[in-house]
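Asks: Mind having a look at this structure? Questions to follow.
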Amino acid sequence: MTTDTRTRIHQIIAEQAMIDVSDVSDDAVPADLGIDSMGVVEAIFAIEEAFDIQVPFNANAPDKTAFDLSSVGSIVAAVERLVAEQRG
Amino acid sequence: MRRVVITGAGTVNALGRDVPATLAAMRGGVCGIGPLDIRDVDRLAIRIGAQVRDYDESAHFNRQQIALFDRYTQFAVLAAREALAQSGLEVSGDLAARAGVILGTSGGGLNTQDENYRAVYEEGKNRVHPFVVPKLMNNAAAAHLSMEYDLRGPSFTVATACASSNHAIGQAFQFVRAGLADVMVTGGSEAMLCFGGVKAWEGLRVMSRDTCRPFCATRSGMVQGEGAGIFVLESYDHARRRGADILAEVAGMAMTSDAADIVMPSRQGAERAMSGALRDARLNPEDIGYINAHGTGTAANDKTESAAVAHVFGTHADRLAMSSTKSMHGHCIGATGAIELLACIMALRDGVIAPTANWQEPDPECALDIVPNVARDAKVTAVLSNAFAFGGMNAVLALKSV
């Protein structure tokens, strides 16, 4: 599960940043990969679609969300938690 | 160049079905935001809006009109009735050819689109009403005003998202000022509060689920509204000759483009629009007593707009009042500038500055006098009305008392 989730998120981030998936690592910061605020919103949409979950995120206060976007690894962890919570 | 004045105003919005009711609500700091009453609201994540509630179209229009008037056209027609009645103008004969209508809208007949997409895609119907096209088209409202009031001069619709009304009013102003027309009906209309209209905004993740709190540290985003604001503009001489009651003078305007980002506003674009409007109106920054802010309640707008005002007005920024009435009537998108112009006229004519409602605590990045929660009496002789749209398209109007 973890590997699949991580792989899929790495693919989503790579596609959003228009880079090769091999250049995405868990310690990478989305902004450093070239993902701006619009890119974050689009990536979250892709994650919601891929995992059939609802991600709590308001673009007005990206720092206040419970969804930790500080690194690719934190996104993987947050998605795993949401999948566990929302799919039971 | 000719002086241009406003001699009639009309509106329909969540705060009221006419101008007196709307201004009374603004004076009282009333918030028109509440639970949305629309089809399939349970499938929306955003379930609030500043809706024109308990609206019965059959109370205002007959069957034939309803077949042709989308909700946004209905709002425009109702607001125009009030504006034309107040102006006392009877357009006919030679004047008809010198009169036109320029309206702003963003979604046009979006309810009609939504209903008919639903019919063919969801319900599998293979036939739609024959008037779907003339009902949904973005120039329908302007067309019906032209027909209703015999406006035979230049008429068209402007679509610049959230700045549509200001672009429309600015264009109508320039037509009268330059002598292309003697009378222009102008403003904007929007009815986007339907399932598809809200769902699309939801996707952008900038919408609030609680309420609209512009310039407030606890802001959580924008809230959609709906309605129309319609005005009668005419040359000063024309208005004087016929003894019309002049509500305000449109003194100047400026349009700028950020040429930068499709959604993120630029401080420079906003600054150039405000300083351009001042220049066009031959006003000094110190002349401005009130700014009706774009003030959407999003972090991106409120911080950028506050910084732009501080930069354009310098030390005077601390002395002028600036409020966002979107906190009360919601963000009426293509109609918002027109509805907000009512607050500008109220400041000039009645000496009352509409507040920024729902405000809780200061945001250090919006450190201006934003008239929190309570309306204020003030002597104001010149005002600005800001509109900064997605697409980086900005339009600022400058009004003076006469």
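The values are calculated or read from the model by the stated rules, or taken from the named source; none is laboratory data. If you're wondering where the values come from, they're calculated on a predicted model, not measured in any experiment. Glycine gets a Cβ as well: all are built from the backbone with ideal geometry, and neighbour counts include every protein chain shown. Note: accessible area is taken over every heavy atom of the protein model, side chains too, but ligands, DNA and RNA are not part of it. Shrake-Rupley method; radii C 1.70, N 1.55, O 1.52, S 1.80 Å.
Asks: Within region A:65-81, which residues are over 23 Å from B:Asn301 (Cα atoms) and within 12 Å of another protein chain (Cβ to nearest Cβ)?
Replies: Residue satisfying the conditions is A:Phe67 alone.
Asks: May I ask you to list the residues in region A:50-64 that are within 10 Å of another protein chain (Cβ to nearest Cβ) and of a type in the set (Val, Ile, Thr)?
Replies: Hit for region A:50-64 is A:Val55, nothing else.
Asks: Residue check: is B:Arg71 open to solvent by 50 Å² or more (accessible area, probe 1.4 Å) and within 14 Å of chain A (Cβ to nearest Cβ)?
Replies: Criteria not met by B:Arg71.
Asks: One residue is enough: does region B:259-275 have a residue meeting the conditions under 22 Å from B:Val371 (Cα atoms), within 14 Å of another protein chain (Cβ to nearest Cβ) and surrounded by 21 or more Cβ atoms within 10 Å (Cβ to Cβ)?
Replies: no
Asks: Which of (1) surrounded by fewer than 16 Cβ atoms within 10 Å (Cβ to Cβ); (2) over 22 Å from B:Gly203 (Cα atoms) does A:Ser74 not meet, given it meets every other one?
Replies: Checking A:Ser74 against (1) surrounded by fewer than 16 Cβ atoms within 10 Å (Cβ to Cβ); (2) over 22 Å from B:Gly203 (Cα atoms), the one that fails is (1).
Asks: If I filter region B:124-142 for residues that are among the aromatic types (Phe, Trp, Tyr), assigned to a helix (DSSP H, G or I), more than 30 Å from B:Ala387 (Cα to Cα) and open to solvent by 40 Å² or more (accessible area, probe 1.4 Å), do I get at least one hit?
Replies: There is no residue in region B:124-142 that is among the aromatic types (Phe, Trp, Tyr), assigned to a helix (DSSP H, G or I), more than 30 Å from B:Ala387 (Cα to Cα) and open to solvent by 40 Å² or more (accessible area, probe 1.4 Å).
Asks: Determine whether region B:110-121 contains at least one residue that is of a type outside the set (D, E, K, R) and not in a helix (DSSP H, G or I).
Replies: No, that holds for no residue.
Asks: Could you grab me the full set of residues in region B:159-192 that are open to solvent by 10 Å² or more (accessible area, probe 1.4 Å) and farther than 20 Å from B:Val263 by Cα?
Replies: Scanning region B:159-192 gives B:Gln171, B:Gln174, B:Phe175, B:Arg177, B:Ala178, B:Gly179, B:Leu180, B:Asp182.
Asks: Could you pull out the residue among B:Glu90, B:Glu82 that is over 29 Å from B:Gly392 (Cα atoms), acidic (Asp, Glu) and not in a helix (DSSP H, G or I)?
Replies: Just one listed residue meets the conditions, B:Glu90.
Asks: Can you tell me which residues in region A:37-49 are more than 9 Å from chain B (Cβ to nearest Cβ) and open to solvent by 40 Å² or more (accessible area, probe 1.4 Å)?
Replies: If the condition is that a residue be more than 9 Å from chain B (Cβ to nearest Cβ) and open to solvent by 40 Å² or more (accessible area, probe 1.4 Å), then A:Glu42, A:Glu49 are the ones that fit.
Asks: How many residues does region B:373-386 contain that are under 23 Å from B:Met274 (Cα atoms) and open to solvent by less than 50 Å² (accessible area, probe 1.4 Å)?
Replies: Adding up the residues that qualify gives 7.
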